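K.L.:
Okay, handing you the structure first.
Each reported figure results from applying straightforward, stated rules to the coordinates on display, with no laboratory input. None of the values given here were measured: they were computed from a predicted structure. So basically every Cβ, Gly included, is an ideal-geometry build from the backbone, and we count neighbours across all protein chains shown.
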Amino acid sequence: MTDTKLTARNVDVFYGQKKAINDVSIDIDNGIVTAFIGPSGCGKSTFLRTLNRMNDTIAGARVDGEILLDGENIYAASMDPVALRARVGMVFQKPNPFPKSIFENVAYGPRIHGLGSSKADMEQIVERALTKAGLWEEVKDRLTDAGTALSGGQQQRLCIARAIAVSPEVILMDEPCSALDPIATARIEELIDELKESFAIVIVTHSMQQAARVSQRTAFFHLGSLVEYGETDQIFTNPREVRTKDYITGRYG
Amino acid sequence: MSKSDWNSPEAARRIARRNASELRFKMIGLGAIVLSLSFLALLLVIMLKNGVAGLDWRFLSGSDSTEATVAGVWGATKGSLLTMGVTLLLSFPMGVLAAIYLEEFAPKKRWIEWIEVSINNLAAVPSIIFGLLGLAVFINTLGMPRSSPLVGGLTLALMTMPVIVISGRNAIKAVPPSIREAAYGIGASKVQTTFHHVLPLALPGILTGTIIGMARALGETAPLLMIGMRAFVATPPDGLTSPSSVLPMQIFLWSDEIDKAFVQNTSAAIIVLLVFLLAMNGIAIYLRNKFEVRW
């Protein structure tokens, strides 16, 4: 069963005078993984960052068009970007745990959003998030250790735990495996596959193999435009657009 | 280049020249350090030789006097402590808040650039000018008591604040943007991000800058001349508004005395001042090491 979680209509993004995204319209569904692929500088990360208004923090960035989360315009004046980012979480390219303990890394989000008032509640939230992120067994005996002391792959799973601890509806992942080795990457990919049951997941990736492995839908971006969007199988076996075909067969990118 | 070239006399000469120039640079660098340190050592030796005999309890607990053997340094020390207290209380929160605002919150507009340039200039203004400003504003306009630690502290706070702003901004700038993104990404507000994540990471740098600024203020004499802290004060100040001297001013006054007996007092007071300065720098290093977070 799928239903639409995020809808973008005629979205343009500008950095100052430069137009980074040109007229993108896309529907992102619940319960599946949607992959954004394309060559470097094609705007896939930029577009991802419009979905939780992360671009707001960049001076000179401007977004035109409409992005709806459950039918509600996230760029409307009534939408608080801080509350939005709790609903649309994000995992970044380089693992960026806070230089605090493992427990604090996960507990920080729930605490600032007032989830879980008692210490026992918080411990339960942290355990559940770490379990979901597949990290609990590895760290349960050393929750007070620094999050930054974990290995790269563990750090990234900690960042995923941190994101899911605030119970978001959507998780955006910006090349989450590009700094990881193949084994850590495989773990994250397994994890993404499990997490899609609970969250709508959007992943930006440089690796076409990764997109093919983890996603059900794929969007191909080129030069700031959405060239083609469809079922992942169809995109990789039977692309409609010449540019998509050239990209996935390695002609450029 | 063929293999044999590396064995030719020409190549050997080239390598020898390069090694010689490396050695030359190391020697020049070492010489520069030895020269500057030897001046510091010379200062310490002379001061200890002249002053250490004068460092007794009577000297450390007494106040200024026309009689060299009775004169002590406590009055000036207490004045310095009170003055520094006022300076720290004002310049630290103001400097840190200004640094945070400029780095994290200020819109990148033209008038912000003007403020930045002004603050950088403020840090470079000669200290005597701050003294004149303090005299004009705090004493003549606001009618605060002349020669008091309150006015001294206010004046030195004006001087110290830009130093704290500049070091604070550098420390805040050095916090990696990925930490801010991480906090924004889970829905932390700008203020939460700043105070929960950026500020704790920037704190060691801010504290170091603050202590170095305070150490500079502690040794400052010129601006305090202008606000009348050079008066002869025979009793330790009993509050922020009573007339007071400060350590560097006391050194200046004693060094001016004709009586030979004050030479020992001058040297002993310099030792006390140096101990304070070294202690403050030591605290700065300790705090930096203690709170520094590595990742």
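K.L.:
Give the residues of the range A:80-101 that are of a type outside the set (Lys, Arg), farther than 19 Å from A:Ile171 by Cβ and more than 8 Å from chain B (Cβ to nearest Cβ), sorted by residue number. Don't jump to the end; show me each part of the working.
P.N.:
Here is the first cut: in the range A:80-101, the residues of a type outside the set (Lys, Arg) are A:80-84, A:86, A:88-93, A:95-99, A:101.
Among the residues that remain, those that are also farther than 19 Å from A:Ile171 by Cβ are: A:80, A:99, A:101.
Once the filter is applied, which keeps residues that are of a type outside the set (Lys, Arg), farther than 19 Å from A:Ile171 by Cβ and more than 8 Å from chain B (Cβ to nearest Cβ), the range A:80-101 yields A:Asp80, A:Ser101.
K.L.:
Which residues, counting only those in the range B:175-207, are among the aliphatic types (A, V, I, L, M) and either at the interface with another protein chain (Cβ under 9 Å from one of its Cβ atoms) or over 21 Å from the mean Cα position of the chain (by Cα) (or both)?
P.N.:
Start the filter on the range B:175-207 by keeping residues that are among the aliphatic types (A, V, I, L, M), which leaves B:175, B:179, B:182-183, B:186, B:188, B:191, B:198-199, B:201-203, B:206-207.
Answer for the range B:175-207, where residues must be among the aliphatic types (A, V, I, L, M) and either at the interface with another protein chain (Cβ under 9 Å from one of its Cβ atoms) or over 21 Å from the mean Cα position of the chain (by Cα) (or both): B:Val175, B:Ile179, B:Ala182, B:Ala183, B:Ile186, B:Ala188, B:Val191, B:Val198, B:Leu199, B:Leu201.
K.L.:
Evaluate the following for B:Ile166: is it away from every other protein chain (no Cβ under 12 Å) and among the hydrophobic types (A, V, I, L, M, F, W, C)? So that I can check it myself, show each step before the final result.
P.N.:
Details: away from every other protein chain (no Cβ under 12 Å): yes; among the hydrophobic types (A, V, I, L, M, F, W, C): yes.
Yes; evaluated as a whole, the condition is true for this residue.
K.L.:
Which residues, taken from the range A:18-41, are in contact with a Lys or Arg (Cβ under 8 Å, 6 or more places away or on another chain) and under 19 Å from A:Leu68 (Cα atoms)?
P.N.:
From the range A:18-41, those in contact with a Lys or Arg (Cβ under 8 Å, 6 or more places away or on another chain) are A:25, A:28-38; that's our starting set.
Hits for the range A:18-41 are A:Ser25, A:Ile28, A:Asp29, A:Asn30, A:Gly31, A:Ile32, A:Val33, A:Thr34, A:Ala35, A:Phe36.
K.L.:
If you scan the range A:102-125, which residues turn out to be buried (at least 17 other Cβ atoms within 10 Å of the Cβ), within 14 Å of another protein chain (Cβ to nearest Cβ) and among the small types (Gly, Ala, Ser)?
P.N.:
Answer for the range A:102-125, where residues must be buried (at least 17 other Cβ atoms within 10 Å of the Cβ), within 14 Å of another protein chain (Cβ to nearest Cβ) and among the small types (Gly, Ala, Ser): A:Ala107, A:Gly109.
K.L.:
While we're here: Output the residues belonging to the range A:126-167 that are crowded, with 23+ Cβ neighbours inside 10 Å, within 12 Å of another protein chain (Cβ to nearest Cβ) and without any contact (Cβ under 8 Å) to a residue 60 or more places away in the chain.
P.N.:
A:Ala129, A:Gly147, A:Ala161, A:Ala165
K.L.:
Evaluate the range A:67-86: report whether one residue or more is touching a Lys or Arg at 6+ places or on another chain (Cβ under 6 Å) and either on the phi > 0 side of the Ramachandran plot or among the small types (Gly, Ala, Ser) (or both).
P.N.:
For the range A:67-86, residues touching a Lys or Arg at 6+ places or on another chain (Cβ under 6 Å) and either on the phi > 0 side of the Ramachandran plot or among the small types (Gly, Ala, Ser) (or both): absent.
K.L.:
Can you name the condition, by its number, that A:Ala86 falls short on among (1) within 30 Å of A:Thr7 (Cβ to Cβ); (2) in a loop (DSSP other than H, G, I, E, B); (3) touching a helix residue (DSSP H, G or I) at 6+ places or on another chain (Cβ under 9 Å)?
P.N.:
(2)
K.L.:
Looking for whichever is surrounded by fewer than 15 Cβ atoms within 10 Å (Cβ to Cβ) and under 22 Å from the mean Cα position of the chain (by Cα) here; the options are B:Ala215, B:Ala279. Which one fits? Full working, then the answer.
P.N.:
Working: B:Ala215 fails: surrounded by fewer than 15 Cβ atoms within 10 Å (Cβ to Cβ).
None of the others qualify; the one that does is B:Ala279.
K.L.:
For residues that are within 14 Å of chain B (Cβ to nearest Cβ), closer than 25 Å to B:Ala106 by Cβ and outside any strand (DSSP E or B), tally how many sit in the range A:51-79.
P.N.:
Our first condition is that a residue be within 14 Å of chain B (Cβ to nearest Cβ); within the range A:51-79, this holds for A:51-61, A:69, A:74, A:79.
Retained after the next criterion (residues that are closer than 25 Å to B:Ala106 by Cβ): A:52-61, A:79.
Those left that are additionally outside any strand (DSSP E or B): A:52-60, A:79.
Residues that pass the stated criteria total 10.
K.L.:
Would you tally the residues in the range B:218-246 being buried (at least 24 other Cβ atoms within 10 Å of the Cβ) and not in a loop (DSSP other than H, G, I, E, B)?
P.N.:
Looking only at that region, the number is 2.
K.L.:
Now for a different question. Which one of B:Ile119, B:Ile100, B:Ile115 is under 23 Å from B:Leu199 (Cα atoms), touching a helix residue (DSSP H, G or I) at 6+ places or on another chain (Cβ under 9 Å) and free of Cβ contacts under 8 Å to residues at least 24 places away in the same chain?
P.N.:
Working: B:Ile119 fails: free of Cβ contacts under 8 Å to residues at least 24 places away in the same chain; B:Ile100 fails: free of Cβ contacts under 8 Å to residues at least 24 places away in the same chain.
Exactly one residue qualifies, and that residue is B:Ile115.
K.L.:
Okay, moving on. Restricting to the range B:247-295, count the residues that are assigned to a loop (DSSP other than H, G, I, E, B) and within 14 Å of chain A (Cβ to nearest Cβ). Can you show your working first?
P.N.:
Going through the range B:247-295, the residues assigned to a loop (DSSP other than H, G, I, E, B) turn out to be B:256-261, B:292-295.
This time we only want the ones that are within 14 Å of chain A (Cβ to nearest Cβ), so: B:292-295.
Qualifying residue count for the region: 4.
K.L.:
Among the residues of the range B:49-78, write down those that are crowded, with 16+ Cβ neighbours inside 10 Å, within 24 Å of the chain's Cα centre (by Cα) and either assigned to a loop (DSSP other than H, G, I, E, B) or not aromatic (Phe, Trp, Tyr) (or both). Reasoning before the result, please.
P.N.:
Our first condition is that a residue be crowded, with 16+ Cβ neighbours inside 10 Å; within the range B:49-78, this holds for B:50-51, B:54-55, B:59, B:62-64, B:68, B:71-78.
Filter again for within 24 Å of the chain's Cα centre (by Cα), leaving B:73-78.
The answer is B:Val73, B:Gly75, B:Ala76, B:Thr77, B:Lys78.
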